[in-house]
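Here's the structure we're looking at; comments come further down.
The values are calculated or read from the model by the stated rules, or taken from the named source; none is laboratory data. Bear in mind that the values here come from a model prediction, so they are computed numbers and not experimental data. Reconstructed Cβ throughout: ideal geometry from the backbone, glycine too, with neighbour counts over all protein chains shown. These area figures cover heavy atoms from the full protein model, side chains too; ligands, DNA and RNA do not enter into them. Shrake-Rupley method; radii C 1.70, N 1.55, O 1.52, S 1.80 Å.
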Amino acid sequence: MTETGSTESVDAIVIGAGFSGIYMVHRLRTLGLTVQGFEAGDGVGGTWFWNRYPGARCDVISMEYAYTFSPELIEEWDWTERYPSQPEILRYLNFAADRLDVKPHFRFKTRVVSAWFDDATDQWVTTTDSGAVTRSKYLVTAVGCLSTSMTPDFPGLSEYAGEVYHTADWPEGGVDFSGKRVGVIGTGSSGVQVIPLVAEQAAHLTVFQRTPAFSLACGNRQLTDDEVRAFKNNIDDHKARSYASGTGQYTDTLEESALDHTPEQRQAIYEERWGRHRAIDLIACYPDLFANRDANETIAEFFRGKIRETITDPELAERLSPRTYPLGAKRITLDTNYYQTYNRDDVDLVSLREQPLEMFTATGIRTGGVDHELDAVVLATGFDAITGPLLNMDIRGRGGRSLQDKWADGPTTYLGIAVDEFPNMFMLTGPGSPNVLTNVVCAIEQHVEWTGDFIADIERRGTSCVEPTAEAARTWTDDAADLAKDTLYPEGESWYTGVNIPGKPQVIMSYVGGLDVYRQTCDEVAADGYRGFVSA
Ligand code: N01
């Protein structure tokens, strides 16, 4: 390993300044450690820094999508909308980062290109795109799960003369589509949010849909002062209920199977829950909705009924109706006026199942032999999720072992936090942890706190290195895969399993056993002297 120029040394490096990076830097500083954070964006926010497309909004209720560890942060911040917009989340994260005074510990507009473990000194050697090299005892990746955008390899894209935007890398100053013919490719969470707003501005919008989404109207509204106050007053209860839930979001799941109720009873229950505008209240309404295909079909058909109620043209309604996968196997999307948008005369839907996307031409997109002339195209095509942001960097452990090689057949981790042969490396919301199957802020707080406690313990013991045993990592990964085997996720053919990236190993990259069970396991591992880890 050659290092040119000056090398700085700190106790810990944290990569990323989103929810997890901000809290991790704070936690490590509280332990008295020196920390250097790196962030590619020009400010804090992580994925919320880049995903600034019109309509970007979180699918978790604002007051629940916030840190709970600090009474000051809870008390001093007031959310204004039930579902927070991207600008409001970014303001919140700036507020939190300022209040915790972590910004001075980050270097912004700086991308980490490699992190190599130096066996001779038991240190990580991290290099950024500016060529700066930093040595550290600990390497913490806080890179997020949905932060590496994915642009499909569309034939002809580079010859297309119009404007091209990706929702996950939106220009800071916004885009003016007035008077333009615009195409949007993709109808996942980003697509269903951007489509209504582009339609309002553009002269004409063509939506290119490969797989229809199950979308829930979010019923967004301003929060009242009383609601905000009541939430703050009950924060301990909120925290306890989140901890006790499998997803970090609690709901009142009924006891009986969906199939034990009559169609009329189910309809009444689904209607009431539709009015709550919260996906978890629907998908976790009965205990077997996501375990039993027949039960799932009852709620899938309820969603399809909502599409038929909204779309005036029955053929169009059918084209927008998901039929090929169970509800929840792809993430349920949350929208404002998504289906209503298709009733506009200046909006067309092209089903890529009927008319496959052949190529981009110089002036638009050709599908099924038909040319669509477009001035601008929005790619709402998603992310190389969970492992993408980690494997984008050249991370090498003991003996120069590369993470890319180690994970060639899929990620192996212990608790989704650590990897054998990669000492003192901790991954926040890494593969094999509950990550995206939760209200991710809850998952992040648990990971930061557990990692922080572990690092405090390592420092107390004067240990130089810890890493999981290969057996602990293998067992954790195999057990997690076994748990996931009988779920419906593979039927969704989505980023949850890596199917959206050509050549990516197809595995469920999240621990499906629930955040409550996971938290308990992590606590037991810690109480048992960090069982599964070895020290040097
Ligand atoms: O990405 P996606 P996303 N040709 O992968 C289509 C979070 N998020 O950015 O389904 C044609 O879900 C693809 O089609 P198909 C949230 O967790 C949250 O929308 O693969 N089409 C799909 O329609 C979410 O789940 C929020 O057949 C192609 C779309 O592009 C995650 O991020 C907001 C294609 C991609 O959908 C990802 O959401 C935004 C191709 N070659 C994001 N390749 C909120 O909190 C892909 N597609 C609300």
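Restricting attention to region 118-162, the residues that are more than 15 Å from the ligand (Cβ to nearest atom), surrounded by fewer than 17 Cβ atoms within 10 Å (Cβ to Cβ) and of a type in the set (S, T, N, Q) total 3.
Residue by residue, here is whether (1) out of contact with any helix residue (DSSP H, G or I) (no Cβ under 9 Å at 6 or more places or on another chain); (2) part of a loop (DSSP other than H, G, I, E, B) holds:
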site: Gln340; (1), (2): no, no
site: Glu354; (1), (2): no, yes
site: Val377; (1), (2): no, no
site: Asp409; (1), (2): yes, yes
site: Thr412; (1), (2): no, yes
site: Phe422; (1), (2): no, yes
site: Glu449; (1), (2): no, no
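Only one entry of Glu88, Glu76 meets the criterion of being of a type in the set (D, E, K, R), touching a helix residue (DSSP H, G or I) at 6+ places or on another chain (Cβ under 8 Å), more than 29 Å from Ile458 (Cα to Cα) and open to solvent by less than 40 Å² (accessible area, probe 1.4 Å), and that entry is Glu88.
In region 180-294, counting only helices (runs of 4 or more DSSP H) that sit wholly within it, the ones holding 2 or more residues that are more than 16 Å from the ligand (Cβ to nearest atom) and among the aliphatic types (A, V, I, L, M) span 225-233, 235-243, 263-274.
You will find that of Thr429, Thr438, the residue that is on the phi > 0 side of the Ramachandran plot, in contact with a helix residue (DSSP H, G or I) (Cβ under 8 Å, 6 or more places away or on another chain) and in the same structural domain as Thr477 (by TED's automatic domain parsing) is Thr429 and no other.
Going through Thr324, Thr298, Thr312 one at a time, which residue ends up being at pLDDT below 95, not in a strand (DSSP E or B) and not basic (Lys, Arg)?
The unique qualifying residue is Thr312.
Pick from region 52-67 the residues that are open to solvent by less than 10 Å² (accessible area, probe 1.4 Å) and under 13 Å from the mean Cα position of the chain (by Cα): which of them is nearest to Gln201 (Cα to Cα)? So the residue we want is Cys58.
Table: residues versus (1) surrounded by 15 or more Cβ atoms within 10 Å (Cβ to Cβ); (2) under 26 Å from the mean Cα position of the chain (by Cα); (3) farther than 30 Å from Thr167 by Cβ.
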position	(1), (2), (3)
Ile195	yes, yes, no
Ala217	yes, yes, no
Thr224	no, no, yes
Ala240	no, yes, yes
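Scanning region 28-47 for residues that are crowded, with 24+ Cβ neighbours inside 10 Å and in a helix (DSSP H, G or I) gives Leu28, Thr47.
Looking only at residues in region 284-301 that are in contact with a helix residue (DSSP H, G or I) (Cβ under 7 Å, 6 or more places away or on another chain) and open to solvent by 10 Å² or more (accessible area, probe 1.4 Å), the one that is farthest from Pro84 (Cα to Cα) is Asp294.
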